[in-house]
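Asker: The following block contains the structure, expressed as structure tokens.
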Protein chains: 2
Amino acid sequence: MRLTMYTDYSLRVLLYLASRKGENVTITEIADFYRISRNHLVKVVHNLGRDGYILTSRGRHGGLKLARPAKEILVGELVRSTEPDLDLLECFNPATNQCVISNSCSLKAVVFNAQTAFLEVLDQYTLADMAKGSYKTISSFKSIPVVRN
Amino acid sequence: MRLTMYTDYSLRVLLYLASRKGENVTITEIADFYRISRNHLVKVVHNLGRDGYILTSRGRHGGLKLARPAKEILVGELVRSTEPDLDLLECFNPATNQCVISNSCSLKAVVFNAQTAFLEVLDQYTLADMAKGSYKTISSFKSIPVVRN
DNA sequence: AATTAAGATGTATTCAGGATGTATGTTTAT
DNA sequence: ATAAACATACATCCTGAATACATCTTAATT
């Protein structure tokens, strides 16, 4: 269970842009800063542009900037749009599911609930939150409800 | 972001055993039932035995059975023990982390909180729950707290 | 004792997908 | 024109999951 480097880099690009509000920043600058592959970042940036997170401009003095205010971008939203495969179990995808008991299996719903909880925690933080503060690690979510039929 | 087939199969084996309380069941029977690779299941079963979830017996009339009551086995506990890599982000593993900002980066804590929420939801269901009932999918966990410093 | 049915274990192979690189476009300020 | 930037399409490498195969050990049956 991992997020791809793609998602990781996407978040880092947005974090970097958030910390340099409004300024045009080049891919090279970001790649140098994080010491990661520029070639990889090129694609990350391309997709961030396509998905409306950043504005890109070509040519001299071109670069990237956030397309929306950092406080309006939710971490969960970004993860949902960049992570290529959120099918935690085979049975999540009806097109490829082979499990013979998936119709009557309650595991699917349980894992799906867990995934929902995961994303909803991420939805409670904005890019602006990330860019400024640090957060405590909380060890317990006792208030998460278990819903039985 | 996926769980491995390993974890998926592990859960299915335990579910199957739970539904046949006490009986000795062979790997072949389970593989045939789910129509999955027997060879793969062999290793899954081996690890489940090593980790104390099942009792295995060799020889004629050998097979598997649950080592503990189904109602004492938490789904989250199993996922934690079978999923080989729970490092959602590169920076989760200090040994391999390369991210230059991980010291001051709050993203790590946020994603970790989300993962904790994920596992804690799974911890609220036992194998016995799975084996009998079906559960509703819940779409909102508004009560998950955001903890700020 | 021999046989057979089961799991135990180690090794090998296949394959998909993530991570990365290369090359060539296209745009725009100077 | 030229240089500096992103756009885009392929190509390649590599890890690890998924699976197969072969051989061993154990234990019940005959």
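Asker: Name the residues in segment B:53-76 that are more than 13 Å from chain A (Cβ to nearest Cβ), open to solvent by 30 Å² or more (accessible area, probe 1.4 Å) and not in a loop (DSSP other than H, G, I, E, B), would you?
Answerer: Listed by number, the residues that qualify are B:LEU55, B:THR56, B:SER57, B:LYS65, B:LEU66, B:LYS71, B:GLU72.
Asker: Consider segment A:99-149. How many of its residues are modelled with pLDDT of 90 or more and exposed (fewer than 12 other Cβ atoms within 10 Å of the Cβ)?
Answerer: Qualifying residue count, segment A:99-149: 0.
Asker: Next question. Taking B:ASP8 as the residue in question, decide whether it is part of a helix (DSSP H, G or I), under 21 Å from A:ALA114 (Cβ atoms) and either within 14 Å of another protein chain (Cβ to nearest Cβ) or in contact (Cβ under 8 Å) with a residue 40 or more places away in the chain (or both).
Answerer: Taking the combined requirement at face value, the residue satisfies it.
Asker: Only one of (1) free of Cβ contacts under 8 Å to residues at least 60 places away in the same chain; (2) within 14 Å of the chain's Cα centre (by Cα); (3) open to solvent by less than 20 Å² (accessible area, probe 1.4 Å) is not met by B:LEU86, so which one is it?
Answerer: (3)
Asker: So, one more: For segment B:51-82, which positions are of a type in the set (Val, Ile, Thr) and under 22 Å from A:LEU89 (Cβ atoms)?
Answerer: The answer is B:ILE54, B:ILE73, B:VAL75, B:VAL79, B:THR82.
Asker: Quick check on segment A:14-39: of everything there that is within 14 Å of another protein chain (Cβ to nearest Cβ) and within 10 Å of DNA strand D (Cβ to nearest atom), which residue is most open to solvent (accessible area, probe 1.4 Å)?
Answerer: Ranking the qualifying residues of segment A:14-39, first place goes to A:GLU29.
The values are calculated or read from the model by the stated rules, or taken from the named source; none is laboratory data. These numbers were taken from a predicted model, which means no experiment stands behind them. Heads up, the Cβs are rebuilt from the backbone with ideal geometry, glycines too, and the neighbour counts pull from every protein chain shown. SASA here: full protein model, heavy atoms, side chains in, ligands and nucleic acids out. Shrake-Rupley method; radii C 1.70, N 1.55, O 1.52, S 1.80 Å.
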